[in-house]
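Data block below; observations after.
The values are calculated or read from the model by the stated rules, or taken from the named source; none is laboratory data. Everything quoted here is computed from the prediction, not taken from an experiment. We place every Cβ from the backbone using ideal geometry, glycine too, and count neighbours over all the protein chains shown. Accessible surface is based on the protein model in full, side chains and every heavy atom, while ligands, DNA and RNA are left aside. Shrake-Rupley method; radii C 1.70, N 1.55, O 1.52, S 1.80 Å.
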Amino acid sequence: MMHSIWRHAACALLLQSALCSAAQAQQSGDTVELPLVSGWFEGKVVRYVTTDVSDRQAATDMNANYVPRLANALNRQPQPGQPGAVERIYSFVNAKQGGVLPSLPAPLGAANANLNYSPLWQVHKVRWLPGKKIRLLTSEEQVLAAEEAGDVSIEKTNLVVNCPVVFSAADGALPHAVLHLVKQDPEP
């Protein structure tokens, strides 16, 4: 009993300390800089951050946290009519272009009304087939049309990444986010 009281008291002190630290960080204006990744949604530029990856080598390559439990999100089958927790991202393996997203928060921030958006993405590798002319694809519809035309192949992987969208050409930046776009690429 006494051990339980001390443990609860210790937890309360740790929680209070963490909350005070968070409040002090907000008051002092502390900022964090994260690298932005450029991609596409319906023909418009988007930017997101990659924070967590389910594969160790991919996490190393992307300078992100290795979180193998993210792969568990693929094991949970949604009930009929319910969306899953994981969305797709189309990542190009033999062409230099940003990934293509099938959904975004709309608008960015707490007012998001797009129930299809998730920052957890299952990577789908898009590979241009030999002899096909590589071109920029900027929407899911274009990616799927290129697959149907025999220009690309799409490989569904077990790689899950956590990549929240923080900027879209349609809405600008996530509210209260300060983004420093060093280089504007017309074709991310």
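Quick notes on this one:
- Complete set of residues in the stretch 111-121 that are assigned to a strand (DSSP E or B) and open to solvent by 20 Å² or more (accessible area, probe 1.4 Å): L120
- Selection of the stretch 56-77 for residues being under 15 Å from the mean Cα position of the chain (by Cα) and more than 15 Å from R88 (Cα to Cα) yields A58, A59, M62, N63, A64, N65, Y66, V67.
- Among residues of the stretch 68-82 that are in a helix (DSSP H, G or I) and at pLDDT 85 or above, those with a Cβ under 6 angstrom from a residue that is open to solvent by less than 100 Å² (accessible area, probe 1.4 Å) and among the small types (G, A, S), sequence gap 6+ or separate chain, pair up as P68/S54; L70/S54; A71/S54; A73/A85.
- Screening R135 with (1) within 19 Å of K44 (Cβ to Cβ); (2) over 20 Å from the mean Cα position of the chain (by Cα); (3) open to solvent by less than 80 Å² (accessible area, probe 1.4 Å) gives one miss only, at (3).
- Filter result for E147 (outside any strand (DSSP E or B), surrounded by fewer than 14 Cβ atoms within 10 Å (Cβ to Cβ), of a type in the set (D, E) and modelled with pLDDT of 95 or more): no
- The C-beta contact set for the stretch 110-127 (first residue without any contact (Cβ under 8 Å) to a residue 24 or more places away in the chain and small (G, A, S), second residue open to solvent by 40 Å² or more (accessible area, probe 1.4 Å) and assigned to a loop (DSSP other than H, G, I, E, B), distance under 9 angstrom, 6+ apart or interchain) comprises A111/P175; A113/A106; A113/P107.
- The residues of the stretch 38-52 that are part of a strand (DSSP E or B) and either without any contact (Cβ under 8 Å) to a residue 12 or more places away in the chain or buried (at least 18 other Cβ atoms within 10 Å of the Cβ) (or both), listed by number, are S38, G39, W40, F41, V45, V46, R47, Y48, D52.
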